[in-house]
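Reading through the structure tokens given below for one structure.
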Amino acid sequence: MTEQTNAGARLEAIELHRIEVPLVRPFETSFGRETVREVLLVRVRTDAGDGWAECVAGREPFYSSEYVDGAAAVIERYLAPALLAATAGGGHGGPGASPSHPSTADGAAAAIASVPAAAAVGPALAFVAGHRMAKAALEAAVLDAELRAQGRSMASCFGAVRDWVDCGVSVGIAPTLEELLDEVAGYVEQGYRRIKLKIKPGWDLVPVGAVRELLGPAGLLQVDANTAYHQGDIPLLAELDRFGLLLIEQPFAEEDLASHVALAAVCDTPVCLDESILDRTTALDAIERGATSIVNIKPGRMGGYLESLRVHEACLALEVPVWCGGMLETGLGRAANVALAALPGFLLPGDTSASDRYYAEDLTEPFVLGTGEHRGQLAVPQGSGTGVEVREELVRAWASAPPVLLR
Ligand code: OSB
Ligand code: MG
């Protein structure tokens, strides 16, 4: 990259903010029940302006080994000092920090090369094992600052090919079948283009059958087990075939590709991995082994938006459809997810719901479903960086701990 691109993104400080935001209704999955989202926010201060991002780690290490306290600790003790030291000499993106796939015939590589400061974050933090959600938050904040300084949107940087994205909604396990059907009917009325039901042993064939009946044969429906089943459940899971689902998401443990391969071999419903896919390498491996034929892309789980671009690119080349998952993001993370979902390989509606699916009031301007021809869609933000503004008065009002300043 030219000197000019590198100039003006010198990292000066990193701030960590913790907020708690109540959910409009409890969200229950096979791994737990949440009533409030605890969010770790990262603000980077650079000599070219600020950038914001949210960390998608949950309050507890149930979906993933990562959790908010752990992410904050690893950022404070290891990641932030390393990032500040790596960039102390004046700008990111020196020779050692060039992206790993340099051909510009590759859309992901071209996008990554256009943001050298953000591209330098991953390599600078690679000495720490794992902690992808924490690393992703730092990279996303640097990316926001860098794109704002360039006057470019995330959508344009990523290579978006549409201005609106199709939205699905993830529906938690309900106390009763009747309450589930009420909730789903409400989302259908709001225009959501796809329903995803959380399932677990004892909450599967009956609720899925009832929702299929409610939606009719043409309604897009999929299920997500969040690792709640075991290999012995394969005959039961294969019975889901009769409901014409788009996919079944992560029925078995994160490490258990073999059971996913065995299920895929006996059922017609496509198997889609979420928890098991950590980066481009694990995605390619899972596809090659027949463990997944559709990939859920969650930037936090994969260590960042830039790795997500690499996974998207690899899946596109193999004609494996991808879709954008969600982690109950506020408008800040949602904005970046919606930009990502505008890429060509995102062929299924994402868990990119409107702000009011989770929050009565959002941290940024709210995301609202479109109307008319854009019913069930969200508009891709077009402003610089994430394209949304963090409402700093809410960061203060919702704070659950004093901010931490690292420099
Ligand atoms: O498995 O996709 C998942 C939420 C938290 C952790 C894991 C998952 C989810 C969801 C909700 O399904 C997605 C969303 O609406 O943000
Ligand atoms: Mg999932």
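The values are calculated or read from the model by the stated rules, or taken from the named source; none is laboratory data. Source: prediction; values computed, not measured. Here the Cβ is made from the backbone with ideal geometry for all residues, glycine too, and neighbour counts use every protein chain on show. Surface accessibility is based on the protein's heavy atoms, side chains included, excluding ligands, DNA and RNA. Shrake-Rupley method; radii C 1.70, N 1.55, O 1.52, S 1.80 Å.
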Just to be sure, is Val390 farther than 24 Å from Tyr305 by Cα and either touching a residue at least 60 places away in the same chain (Cβ under 8 Å) or of a type in the set (D, E, K, R) (or both)?
-> no
Restricting the stretch 300-314 to residues that are in a loop (DSSP other than H, G, I, E, B) and away from ligand 2 (no atom under 14 Å from the Cβ), the one surrounded by the fewest Cβ atoms within 10 Å (Cβ to Cβ) turns out to be Gly303
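Any idea which residue in the stretch 347-360 is most open to solvent (accessible area, probe 1.4 Å), counting only those that are within 16 Å of ligand 2 (Cβ to nearest atom) and over 18 Å from Pro26 (Cβ atoms)?
Let us first name the residues in the stretch 347-360 that are within 16 Å of ligand 2 (Cβ to nearest atom), namely 348-353, 357-358.
Okay, now just the ones that are also over 18 Å from Pro26 (Cβ atoms), so 348-350, 352.
Values: Leu348: 36, Pro349: 9, Gly350: 4, Thr352: 3 Å².
Checking each candidate, the answer is Leu348.
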Note on Glu365: of the conditions (1) open to solvent by 10 Å² or more (accessible area, probe 1.4 Å); (2) out of contact with any helix residue (DSSP H, G or I) (no Cβ under 7 Å at 6 or more places or on another chain), unmet is (2)
Of those in the stretch 24-56 that are open to solvent by less than 50 Å² (accessible area, probe 1.4 Å) and not in a strand (DSSP E or B), the residue modelled with the highest pLDDT is Val56
Would you confirm whether or not the stretch 308-316 contains a residue that is within 23 Å of Ala253 (Cα to Cα), within 13 Å of ligand 1 (Cβ to nearest atom) and under 13 Å from the mean Cα position of the chain (by Cα)? no
Those residues of the stretch 321-360 which are more than 12 Å from ligand 1 (Cβ to nearest atom) and without any contact (Cβ under 8 Å) to a residue 40 or more places away in the chain amount to Pro321, Val322, Gly345, Leu347
Only one of (1) in contact with a Lys or Arg (Cβ under 8 Å, 6 or more places away or on another chain); (2) within 16 Å of ligand 1 (Cβ to nearest atom); (3) farther than 19 Å from Pro344 by Cβ does not apply to Gly244, and that is (2)
Exactly one of Ala317, Ala286, Ala262 is surrounded by fewer than 24 Cβ atoms within 10 Å (Cβ to Cβ) and without any contact (Cβ under 8 Å) to a residue 12 or more places away in the chain, and that residue is Ala317
Per the list (1) over 27 Å from Arg33 (Cβ atoms); (2) assigned to a helix (DSSP H, G or I); (3) not aliphatic (A, V, I, L, M), residue check on Thr292 breaks on (2)
